[in-house]
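Beneath this line is the structure, given in structure tokens, with notes to follow.
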Amino acid sequence: MFRFRSVVARTIALHLVAIVVTSICMPLALYLMLQHAAEALHDRALRQQAAEIVGYIEPGSDGGLRLKLPAPLAELYSEAYGRYAFAVLDEAGTVLFSSLPDNRAIAAAPASPNEASYFTQGLAGAQIYGVSVPAEIGGRNLRVQVSQDLAHRDVLIDDIVADFFSRVGWVTAPILLLLLIIDVVIFRRALKPIVAASALAQRIGPRRTELRLPEAGMPQEVLPLVQAVNQALDRLEEGFRAQREFTADAAHELRTPLTILRTQIDMIADRALAQSLRDDVASMSRLVNQLLEMAELETFVIAPHESADLVAVSAEVAAFLAPIALSHDKRVAVAAAPGPVRVPGNADTLGRAIRNLVENGLAHTPPGTTVEIAVEPAGIVRVSDRGPGIPAAERQQIFHRFWRRDRRRPGGAGLGLSIVARIAGMHGAAVTVDDRSGGGAVFTLTFPSVLAPLGDAAAELAPAL
């Protein structure tokens, strides 16, 4: 069975079903009620006619009864008019007075002589409906029968009943549809705080742990859930804060012992041993610096109008790492677009990302080769090396924290590429890795948009000035 995921859609669907059922049942019920009212009106009219006839029956001087109807009333029951008929019977069933030919009764005596009864039967080829009412005149029990030809019932009432659906019944559908529209508006207004809370909840993440769901205006049924979620977010924020503080504090506390250790190493007479220890301290220092970078990135926020030139950032990274590369018989080259390539973002953090990619390339490319940085006008930065490449099965794992293919290999902690992925995510960019033609790997940073160069923007503003 199909189920709506939206509460509003589910409620509207259920209301629509209810309206369809109601639009069918309501006119039918009203029609039956109107028909019953019409029948009751006919019954009352026949009883009133019987009571009217009883009012004109009088005891005669000879001890019998006599009936003298006024001319208009007598014409109503005349054979020429043919719509109504009456008969007056005594308690033995003998007909005393009748408007029918041969002075006969309209219907047989009822089973209960002391109560009014109704009958439907055929008479002289017509279908009649009538009432038999008990009466007492001069100490004698009588039975007054009044009938009406069903082919000549009250035309006005019959027309109302017959035309009910075509003239009145259709009005219920627009009314119910209007009620549905009103319900939709009411439900949307009632659920507006929940919708706003849902939109706010989508913005909550590791970098926005301070956000909380609003409790003001929240429906009473949902308020306990919102409060529970906010309490869970409080605990989550506290956990994130403790983790960041621990990482930053640990990194800061390790810097001083490493500095002291580096000084002590310089005093060792064995130069080979001292150099080996210096390499170990350098690896530990790199790990400490990367931990500090991770802690800073957790709370770093990019300014809305901040931008960076990928060409300038790449050139600065190449200039910084070129001496280190040359010391290992390796080179760093930049192939960039002729003009600046500006993207929304922070230049320092983007420099860290590109530097980590270049350092990763220098760590794996063999001596005598070059790590190349290519900047394309479409906002794409490619860092290529001549190392062993990345197997397809590991191309997602290498961006995870502390992941290393060979943990026995010294020099890395598996944080450099995870920092790259983190910075790329902050800028809405994507980082991927592919094989390089001729051997090696190509890391690609792809940015979602490119800004116009500052010179073009100034030229556009010049006419206005």
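The values are calculated or read from the model by the stated rules, or taken from the named source; none is laboratory data. Every value quoted in this text rests on a predicted model; they were computed, and no experiment measured them. So basically every Cβ, Gly included, is an ideal-geometry build from the backbone, and we count neighbours across all protein chains shown. Just the protein is used for accessible areas: all its heavy atoms, side chains included, with ligands, DNA and RNA removed. Shrake-Rupley method; radii C 1.70, N 1.55, O 1.52, S 1.80 Å.
Structure notes:
- Gap separating the Cα centres of the range 191-236 and the range 306-372, nearest whole Å: 43 Å
- Order of exposure, largest accessible area first, which applies to T349, T22 with probe 1.4 Å: T22, T349
- Neighbourhood net charge (10 Å Cβ-Cβ; Lys/Arg +1, Asp/Glu -1) for D385: +2
- With each label modelled as a point 7 angstrom along the Cα→C-beta vector, the A272-V185 pair spans 9.0 nm.
- Ranked packing of 47-54, 310-317, 91-98, most packed first, by mean Cβ within 10 Å: 310-317, 47-54, 91-98
- With all protein chains in place and a 1.4 Å probe, the accessible surface of the range 55-107 carries 49 percent carbon and sulfur.
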